[in-house]
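Remarks on the structure that follows.
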Amino acid sequence: MKYSKLQNGSDIRGVAMENNAGEAVNLTEDAVKALARAFAVWLKETKGENIRVAIGRDSRLTGPQIVKWAIDGLNMEGVPCTDFDMASTPAMFMSTVLTDDPFDGAIMITASHLPQQRNGMKFFTRNGGLEKTDIAKLVEIAETSMEKPAKETPENSKEDFISVYADHLCDVIKKSVNAEDYEHPLKGFHIIVDAGNGAGGFFESKVLKKLGADTTGSQFLEPDGSFPNHIPNPENADAAKAIVSATLASKADLGIIFDTDVDRAGAVLSDGTELTRNALIAMMSAILIREHPGCEIVTDSITSTGLAQFIGELGGVHKRFKRGYKNVINEAIKLNSEGIDCELAMETSGHGALKENYFLDDGAYLMVKLLIEIGKGNDLKEMIAALKEPKEAVEIRFAVEGDVPAVQDAALKALEEGIAKVEGWTVAPDNFEGIRVNADETHGNGWLLLRKSLHDPIMPLNIESDNDGGCKVIAKDLYEILKDVDGLVIAPLAEFIK
């Protein structure tokens, strides 16, 4: 098969098990072995022959088998592998930088929040996660260089690295809070975790409890790749409802929810207020702008006008960039290379990366920053009290039929030409993705963003308004502009404006 079909931006993703959805298995034994072996070949080009690679997985049912195949692939190039068993994506990166004898590379077996039949591979060196171009190179190696004879099998090992990583998180909290009881800076606080049966259960036992917190009411901590309780995704409505209910029922000071591999997170305050999307970015911005006055914050393209105002009022600089966690991270790194102090790169999805933490998108580290504030006695809700959230927000996804790029371009051209025909509409400045339009107070009092999907044959539309019914006002004007674009299925928009 063509392994390029498994590339999903900077990851490998595929169907790993038989399923009721009728999807054919394509993340096969041959594919995993070839791609793992290609990673070894690629690493050796810069690191030399004597390299070590770590491997870990989330709770997916196919994880143990895929780990075994990946180890076999690495071994075929003579590369010894250390199996971390259950781990998080951030922990796998940290294995390349954290200890006195860091690994040369790491592989995480995960498909994040995708359905249980799917799985994938993420690759790391101490420079961070591999880029899209790097994955393309691995694919090329896997497809062209796998006829070499296998080398002598090296000796592999096992390690409980998630405990090493958890101890690191504990040390960050202890040093930052510097409480009278240094070893237990969270004593007296009630904090719960919903791990969604993914890999994040360690945070409850190895971080919160260890630091003295009461974790009564935590739920779904046991790894279970069938995900029997809810999808492990902080953005999912059922998942959000579960952590809000658990936080209120247990009367906790804070509720924390992770996605499957713990590179994303969300939180709930004691009164049920959700810290996700704009609110979580605002919280992290408030912390980092206080610590680094005047710093820049990079976000994805769909963050709200209220968030931009909030960051500006704190004295920070907001840059709204492209969707895709690697896009915002790379933009933040670029800004720092130009001498601009950018401390946070964050998507509304919950992917958040801090300069102080290698610009690693680490959901657990985001929660560490919140715990430090709690440990110091700061009121989280008060910290973002000035954040103005929109009254309405909606996302609509248009299917695209036929020549996808041509249809997408035609839709954006129609919108670009149609803006001048709608009273009260103006093009938003400094937009880096799709077309963002501001609507004045009498024509919806908000904004819309129409863009191309990063990976799928669709066009996502986001609309926000500060008026009741404002999203529908904006949508009606947009419908008249897009209704004649061939190949753009705008039935969902027609349904919305009824």
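The values are calculated or read from the model by the stated rules, or taken from the named source; none is laboratory data. What you see is a predicted model, and the numbers here were worked out from it, not measured in a lab. Note: ideal-geometry Cβ built from the backbone for every residue, glycine included; neighbour counts use all protein chains shown. Just the protein is used for accessible areas: all its heavy atoms, side chains included, with ligands, DNA and RNA removed. Shrake-Rupley method; radii C 1.70, N 1.55, O 1.52, S 1.80 Å.
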Distance violations [Cα-Cα > 19 Å] among 452/483; 421/476; 122/206; 2/137; 47/68; 33/122: 122/206; 47/68
Mean separation of Cα contacts under 8 Å (6+ apart) over length of the chain, as relative contact order %: 10
Alpha carbon Rg of region 361-408, scaled by the compact-globule rule 2.2 N^0.38 Å: 2.09
Phi-based couplings in Hz for region 118-131 (Karplus 6.51, -1.76, 1.60; Gly and Pro marked x): 9, 8, x, 9, 10, 10, 9, 10, 5, 8, x, x, 4, 7
Charge sum, other residues only, whose C-beta stays under 12 Å from residue 182's C-beta, Lys/Arg counted +1 and Asp/Glu -1: -1
Alpha-carbon radius of gyration plus Dmax, which is the widest Cα pair, for region 156-274 in Å: 14.4, 49
Charge dipole (the chain, unit charges on Cβ, about Cα centre) - positive-most of 136, 185, 217: 136
Distance from region 54-68 to region 111-173 (C-alpha centre basis), Å: 11
Peptide ranges 412-419, 104-111 listed from the most packed, as the mean C-beta count within 10 angstrom indicates: 104-111, 412-419
Cα pair distances exceeding 34 angstrom across the chain, given as percent: 39
Surface accessible to a 1.4 Å probe, per residue, for the residues of the chain, Å²: 41
Only Lys, Arg (+1) and Asp, Glu (-1) charged, at Cβ; the chain dipole about Cα centre in debye: 320
Dipole magnitude of region 164-268, debye to nearest 20 (Cβ charges: Lys/Arg +1, Asp/Glu -1, about Cα centre): 220
Amide hydrogen neighbours beyond the local backbone of residue 391, cut-off 5 Å, H modeled: 465, 466, 467
Distant-in-sequence amide H partners of residue 318 (H built 1.01 Å from N, under 5 Å): 297
Size of charge dipole - region 326-415 - debye, nearest 20, with Cβ of Lys, Arg +1 and Asp, Glu -1, no other charges: 120
Karplus-derived HN-Hα couplings along region 380-394 (A = 6.51, B = -1.76, C = 1.60, θ = phi - 60°), whole Hz, x at Gly and Pro: 4, 5, 5, 5, 10, 4, 7, 5, 8, 8, x, 6, 9, 8, 9
Proximal charge balance of residue 254 [Cβ under 15 Å; K/R count +1, D/E count -1]: -3
